[in-house]
Each structure stands twice: as structure tokens, then as C-alpha cells.
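Enquirer: Here it is: the structure, laid out below.
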Amino acid sequence: MTPTAKRSSHRTIIKATPTVRRPSCTGSLRQVGIVGLGACLPQRVVTNAELERMVKTSDAWIRSRTGIRERRLIEPGQATSDLAAPAALEAIKAAGLRPDEIELIVTGTTTPDTLCPSASCVIQDKVGAKRAGCFDVNAACAGFVYALSAAQGLVASGQYQNALVIGADVLSTIIDWTDRSTCVLFGDGAGAAVIAPVGRGGILASYLGTDGSGACHLQVPAGGSRIPASKHSVEQKQHFLKMNGSEVFKFAVRVMGEAAIVVLDRAGLKPEDVDLFIPHQANIRIIQAAMERLHLPIEKVYLNVEKYGNMSAASTIVALYEAAKAGRIKRGDIVVLVAFGAGLVWGATVIEW
Ligand code: COA
């Protein structure tokens, strides 16, 4: 189905999401927190002026509609693991661990180096995490939040002592660089976090949601089992990301605020308790609209969309990494991550730092 296909019923589904109080993630389980962070961005900076030379667009249009000034793109021949592995090594070092002490690797990505095996397997080999079990999570731009939630549950239950959680994407490899409605929005990047049991705080609550009826609004139609790669699929450019921008925009504004409220409720907190809000960095207008709904001042929001565009699964974790490095997060602070993406999916996490 193309992005212009019939509208989905996701509005009602999101409204029906239960908002009842759940036991926090800690419950009878072990408290789990982030003990190391890392990030890796491509060297190559591509400005809006460069895109003006590629498609019919303008710096003024891109900045006013999205807030993006430039993005980082990989070089031809590079792949997701080339960014993810350095980010992972930095996070492992920051956690005070050796790679062979990592027990689990979970990568949120939509652009693994190969369809099979997973990016996590490739990253494991690159970083030397020989003892780790590995799998990927395909939750598009919410990939890091989903991966974090999955890994947190496995560490909290005691099945693993630690996990390396990665958000990494190189959407430049699935973008149609002649399609101005998508190519101006995205950039490449990778971030990583090591999680482990902590004495206090850590991940207080998570919330994941999906409305598969909205899949048609943001998808790569070919290359999977429905439309396997063929000469025809390539000629039709079906291996590129197709997007119904206005539908995704409306969905994103609504779900960002709702997901934040649900996850804060699960943690027994309110929007005014949040010290730093780290939203998926897709579009400054989506973030501003969501902040208005939450009555959160923009000073409490970490923003880097201007520098990197939408880095898909890497967005929230790179923003968290930068915020921590910049001293924007103090011990005891309440940090909320919220992301949304193709699926349609959304996810949120509350962390006491
Ligand atoms: N440069 C110049 N003009 C462009 C353009 C570009 N890069 N991309 C689209 N346009 C044109 C459109 O063709 C349209 O022209 P028309 O009126 O002649 O048909 C016009 O600009 C307005 O398009 P519109 O869709 O109304 O703009 P918008 O204000 O809604 O912004 C998006 C478009 C894509 C920026 C916005 O819809 C968006 O951010 N959506 C969410 C996308 C997203 O976050 N995706 C990833 C989710 S994880």
C-alpha cells in the first residue's frame, strides 16, 4: 500500500490506550539504570545549501518547516555497524567494563548492514563482545526506546547482568535523493548505552505502543517478503522510504504528548516533575506542539535536530549522550525519552539519573 492509501483508524486506537497505573519497572525486579553512554556520528556534514543543488528546495523552506540546518551522512560503502561499533566501545568503556563482559546486545535499527544476520551480530564481532547474545529490534525511529525497554526487562529479571543497547541508523541508504519531501529530513548516526543493576533510580517506567493500521504512512515497500528485490522493484524505487508527511506529522504531535503522560503516570510522576525531556528529533514543530500540550517550557527540552536532522533510532540516544556530556543532567534528575516512527509505533521511558 502506498502512503496515499486509505486513512488508518489510529486516532481511536491511541485514545483507547489504557492509562491505568502499572507497577513501576522496579517492582519486585532489580532496578536497572544506564551506566555508560557512547555516540558516533559521520564526519561528513551536509548543509541545506548542498541539498538546494540536488532537489528543488531551499534552506528557508527546510528551516521553517523542520528546524533542520544540516545533517551528517556516511560515505558510500559505510554501513550502520561502522557507526554503531565505535559508539558501543565508548559506552562499554564509560561503564568500566571490557567488551567480553557484555552479556546481551540489543540494537534498534531499520537499516542493519544486511537483512540477515542482524546488525547486533555484526557489532558483537566488531567490538569483541564474545559472550553476548544478540538481536535487533525493528521499531524504526522508536528503535532505541524499544530496545532499551526489552533489554531492561531482561536485566531486571536477573537473566543478564548487563546489556549493551544501541540505537543506530543510516537512513541515507534508503532515501530517494531525488524526493525532496523526504531527503531533507534525515541524517545518519549511532548511540549506545550500557545498562546494569543500580542501587537507586534508573529506569522507573516504560511504555510502548503501536498502531499497525498506520503502516502505510511510513514504509519501505520492497526488499521484504511481500515485494522481494527485483529489477522492477528497483526501477519503481520501491526500496526507498515512502512517507505521507502530513499524516505522520499529526500522529507524532498527538502521540508524543500522550506517551509522555502515560509513562509519567506509570512512574507516579507528573509533567512538572520532569527535569529534561528528550524527544525524538524529527521536526522542531512537532516537538514544540508536543511541549505545548504537556505545558512544558522549551528550556526543559534537549534539542539537536538543527545539527543532525532525524537520525531515526539514533536520535534519542545521541541526544541523551550529548545532554549528559553537556552537564544538562544532574544526579537525581527525572529524564523522559519519547519517540515515534514507522509502524506506526511510539515509546517512552522515564529515567531517574
Ligand atoms: N522543499 C520545498 N518544498 C517542499 C519540500 C521541500 N523539501 N517538501 C515538500 N515541499 C512542498 C510540497 O510539495 C508542498 O507543495 P504543494 O503545496 O505545491 O503541494 C508544500 O511544500 C507544502 O507541503 P506540506 O506537506 O504542507 O508541508 P508541511 O508544512 O506539512 O511540512 C513536512 C512537510 C514533511 C516537513 C511535515 O509534514 C513533517 O515533518 N511531517 C512529519 C515527517 C516525519 O517526521 N517523518 C519521520 C517520522 S519518524
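Enquirer: Could you check the range 123-157 and list, in sequence order, the residues that are surrounded by fewer than 21 Cβ atoms within 10 Å (Cβ to Cβ) and part of a helix (DSSP H, G or I)?
Expert: The answer is Asp125, Lys126, Ala150, Gly153, Leu154.
Enquirer: Let me ask you something else. Pick out the one residue from Ile287, Ile227 that is modelled with pLDDT of 95 or more, within 16 Å of the ligand (Cβ to nearest atom) and either outside the structural domain of Thr173 (by TED's automatic domain parsing) or open to solvent by 10 Å² or more (accessible area, probe 1.4 Å) (or both).
Expert: Ile287 is the lone residue from the list that is modelled with pLDDT of 95 or more, within 16 Å of the ligand (Cβ to nearest atom) and either outside the structural domain of Thr173 (by TED's automatic domain parsing) or open to solvent by 10 Å² or more (accessible area, probe 1.4 Å) (or both).
Enquirer: Another question, then. Which of the numbered conditions does Ile68 fail, given that it passes all the others? Conditions: (1) surrounded by 20 or more Cβ atoms within 10 Å (Cβ to Cβ); (2) outside any loop (DSSP other than H, G, I, E, B).
Expert: The single condition Ile68 does not satisfy is (2).
Enquirer: Any idea which of (1) away from the ligand (no atom under 16 Å from the Cβ); (2) modelled with pLDDT of 95 or more; (3) not aliphatic (A, V, I, L, M) is the one Glu306 doesn't satisfy?
Expert: (1)
Enquirer: Which residue pairs have Cβ atoms closer than 7 Å, lie 6 or more positions apart in sequence or on different chains, and pair a first residue in the range 192-217 that is at pLDDT 95 or above with a second residue that is open to solvent by 10 Å² or more (accessible area, probe 1.4 Å) and among the basic types (Lys, Arg)?
Expert: From the range 192-217, the pairs are Pro197/Arg30; Ala205/Arg266; Tyr207/Arg266.
Enquirer: Given the criterion modelled with pLDDT of 95 or more, open to solvent by 20 Å² or more (accessible area, probe 1.4 Å) and more than 24 Å from the chain's Cα centre (by Cα), identify the matching residue among Asp82, Asp100.
Expert: The unique qualifying residue is Asp100.
Enquirer: Listed residues Lys330, Lys242; which is among the basic types (Lys, Arg) and more than 19 Å from Gly33 (Cα to Cα)?
Expert: Selected residue: Lys242, the only one of Lys330, Lys242 that is among the basic types (Lys, Arg) and more than 19 Å from Gly33 (Cα to Cα).
Enquirer: Give Gly153, Gly167 a once-over and let me know the one that is within 16 Å of the ligand (Cβ to nearest atom) and among the small types (Gly, Ala, Ser).
Expert: Gly167
Enquirer: Check Val194 against each of (1) outside the structural domain of Ala339 (by TED's automatic domain parsing); (2) within 16 Å of the ligand (Cβ to nearest atom) and name the one condition it does not meet.
Expert: The number of the failed condition is (2).
Enquirer: Could you run through the range 89-115 and say how many residues are closer than 21 Å to Gly189 by Cα, assigned to a loop (DSSP other than H, G, I, E, B) and free of Cβ contacts under 8 Å to residues at least 60 places away in the same chain?
Expert: 3
Enquirer: Of Val318, Val301, Val338, Val350, which residue is farther than 28 Å from Arg72 by Cβ, within 19 Å of the chain's Cα centre (by Cα) and crowded, with 18+ Cβ neighbours inside 10 Å?
Expert: Exactly one residue qualifies, and that residue is Val350.
Enquirer: Output the residues belonging to the range 41-58 that are closer than 28 Å to Ile317 by Cβ and open to solvent by 30 Å² or more (accessible area, probe 1.4 Å).
Expert: Within the range 41-58, Leu41, Gln43, Arg44, Val45, Thr47, Glu50 meet the criteria.
Okay, residues lined up against (1) touching a Lys or Arg at 6+ places or on another chain (Cβ under 7 Å); (2) surrounded by fewer than 20 Cβ atoms within 10 Å (Cβ to Cβ); (3) among the acidic types (Asp, Glu):
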site	(1), (2), (3)
Thr173	no, yes, no
Thr178	no, yes, no
Val184	no, no, no
Asp188	yes, no, yes
Val194	no, no, no
Val198	no, yes, no
Gly201	no, yes, no
Thr210	no, yes, no
Ala215	no, yes, no
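Enquirer: Please name all residue pairs, on different chains or six or more residues apart, with Cβ atoms under 8 Å, provided the first residue is in the range 242-264 and is assigned by TED's automatic domain parsing to the domain that holds Ala348 and charged (D, E, K, R) and the second residue is within 8 Å of the ligand (Cβ to nearest atom) and in a strand (DSSP E or B).
Expert: Lys242/Leu218
Enquirer: With Val305, Val301 as the choices, which residue is in contact (Cβ under 8 Å) with a residue 40 or more places away in the chain and β-branched (Val, Ile, Thr)?
Expert: Val305
Enquirer: List every residue pair whose Cβ atoms lie under 8 Å apart, where the two residues are 6 or more positions apart in sequence or sit on different chains, the first residue falls within the range 49-74 and is assigned by TED's automatic domain parsing to the domain that holds Asp169 and within 8 Å of the ligand (Cβ to nearest atom), and the second residue, located anywhere, is open to solvent by 60 Å² or more (accessible area, probe 1.4 Å) and among the hydroxyl-bearing types (Ser, Thr, Tyr).
Expert: Here the result reads Val55/Thr178, each pair linking the range 49-74 to a residue that is open to solvent by 60 Å² or more (accessible area, probe 1.4 Å) and among the hydroxyl-bearing types (Ser, Thr, Tyr).
Enquirer: Another question, then. Residue by residue through the range 243-279, note down the ones that are within 11 Å of the ligand (Cβ to nearest atom) and open to solvent by 50 Å² or more (accessible area, probe 1.4 Å).
Expert: Once the filter is applied, which keeps residues that are within 11 Å of the ligand (Cβ to nearest atom) and open to solvent by 50 Å² or more (accessible area, probe 1.4 Å), the range 243-279 yields Ser246, Phe249, Lys250.
The values are calculated or read from the model by the stated rules, or taken from the named source; none is laboratory data. Just so it is clear, the structure is predicted and the values come from calculations on it, not from any experiment. Ideal geometry is used to build each Cβ from the backbone, glycine not excepted, and the neighbour counts take in all protein chains shown. The accessibility values were calculated without ligands, DNA or RNA, using every heavy atom of the protein model including side chains. Shrake-Rupley method; radii C 1.70, N 1.55, O 1.52, S 1.80 Å.
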